[in-house]
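The values are calculated or read from the model by the stated rules, or taken from the named source; none is laboratory data. Not measured: the values here are computed from a predicted model. Cβ atoms come from the backbone with ideal geometry, glycine included; neighbour counts cover every protein chain shown. Keep in mind that these areas ignore ligands, DNA and RNA; they rest on the heavy atoms of the full protein, side chains included. Shrake-Rupley method; radii C 1.70, N 1.55, O 1.52, S 1.80 Å.
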Amino acid sequence: MEAEGFATRHVGDGLTAIKEIESGAHDLVLLDVMLPGASGFEVCEKIRAKGNHIPILFLTARDSDDARIQGLELGGDDYITKPFSIRELIQRVRAMFRRSEWY
């Protein structure tokens, strides 16, 4: 992501992710579903419950229809499963930024 000109911040668990997102200093969240402390689903649900509309892209190995649907129903904007192409990830991120500019 940094090689493509994006500034990044990495955290290793769901509880820290919630605090980091709530700081309001971010434009997009790449969120793994399987995080220690609080799952990515829980993080998304808590962020959306507080009215935060930051774009959220789930990155995960959980590729079942149920998991994808759950992520989107909880407020995720996109969902990509591992393994994935870095080029595809970059294009999905750019598309999310384009959509957020439209709104």
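Based solely on its DSSP helices, what 222 nm [θ] is calculated for the chain when runs of n ≥ 4 H residues each add -39,500 (n - 2.57) and the sum is averaged over all residues, nearest 500 deg cm²/dmol?
Working: 4 runs with 45 residues, N = 103.
Counting only the DSSP helices, I get -13500 deg cm²/dmol.
List the lysines whose alpha-carbon lies under 20 Å from that of Lys19, not counting same-chain residues fewer than 8 positions away?
Candidates past the 8-residue exclusion: Lys46, Lys50.
Could you give the dipole magnitude of the chain about its Cα centre, charging the beta-carbon of Lys and Arg +1 and that of Asp and Glu -1, in debye to the nearest 20? Walk me through the intermediate numbers first.
Details: 13 positive and 17 negative charges, 35 e Å.
Around 160 debye, computed over the chain.
Express the relative contact order of segment 39-97 as a whole percentage, based on alpha carbon pairs under 8 Å and six or more residues apart in sequence.
Answer for segment 39-97 is 36 percent.
Under the 0.36 nm per residue contour assumption, what length would be gained going from the current alpha-carbon distance of Asp27 and Arg98 to full extension?
Result for the pair: 24.4 nm of gain on full extension.
What is the chain's relative contact order, in percent, from Cα pairs under 8 angstrom and six or more apart in sequence?
Numbers: 116 pairs, mean separation 23.2, N = 103.
About 23 percent, as a whole number.
How much area per residue is accessible in the chain when the probe is 1.4 Å and only protein heavy atoms are counted (Å²)? Mind showing how you got there, number by number?
Values: 6410 Å² over 103 residues.
Heavy-atom SASA per residue in the chain reads 62 Å².
Roughly to the nearest percent, how much of the accessible area of the chain is carbon and sulfur, given a 1.4 Å probe?
Whole-percent figure for carbon plus sulfur exposure: 50.
Can you tell me how segment 30-103 classifies by the Cα gyration tensor, rounded, prolate or oblate, using a/c under 1.5 as the rounded cut?
oblate
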